[in-house]
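Every number here is computed from the coordinates shown, using simple stated rules; none is lab data. Note that the structure is a prediction, hence the values are computed from the model and not measured. Virtual Cβ from ideal backbone geometry, glycine too; neighbours counted across all protein chains shown.
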Amino acid sequence: MSSDDSPSLLIREADPDDRDALVELLATAGWSPSRLAEWVPTATVLELYDPAFVVPRGAALVRSAGEATFELLALATDLEVDSSLVAERLVRAIGDILRRNGGVRVFVPVSDASLERLAPLLAVGFRFSSTGHDASAANIELQPDGKGELVWLDQEL
């Protein structure tokens, strides 16, 4: 599917009744269920949706880090179109919604510094800010030993 005929994706804060399905989508994408259980109570759950479909097409967790700064904790989509294009659109939409809610900066820790995970973030203007050791990797499937390098990216909104 080309970008010309890709779905019309919109993002909104999830309805409380839909949160469990969105968290399940994140878990299905490989995010650790225990980490999701830790994050969800303090995070805003965002839903990526196509108005033509009833089911959500993606999800993201963000939380305030103070001083108009937000942390992007997790994101996933179920779309099988050009995944990098969809990820870029999702990250752009998250930035837009955070900006509308007074955000001026967003950062994201990435525990798997693969090009597949970094490319969509870099494509929408995130920049490297630091690296460190990740003693409790958010995505256990990507870091089987629970340890690895953590790359921090940030972006001014």
Quick one: if you stick a label point 7 Å off each Cα along the C-beta vector at D15 and T69, how many nm between them?
3.6 nm
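What is the stretch 9-134 by shape, rounded, prolate or oblate, if you read a ≥ b ≥ c off the alpha carbon gyration tensor as root eigenvalues and call it rounded for a/c under 1.5, prolate for a/b larger than b/c, and oblate otherwise? Let's see the in-between values first.
Numbers: a/c = 1.27, a/b = 1.20, b/c = 1.06.
The shape class here is rounded.
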Roughly speaking, what is the stretch gain from E24 to L85, that is 0.36 nm per residue apart minus the C-alpha to C-alpha distance, in nm to one decimal?
19.7 nm
Point-to-point label distance, D50-S114, nm (Cα→Cβ direction, 7 Å offset)
2.4 nm
Is the stretch 5-60 rounded, prolate or oblate when judged by the Cα gyration tensor, a ≥ b ≥ c being the square roots of its eigenvalues, rounded requiring a/c under 1.5 and prolate requiring a/b larger than b/c?
prolate
Would you mind calculating the gained length between L122 and D78 on full extension (0.36 nm times residue separation, minus the Cα-Cα distance), in nm to one decimal?
13.7 nm
Stretched out fully, how many nm does the piece from E156 to N101 gain, at 0.36 nm a residue minus the Cα gap?
18.4 nm
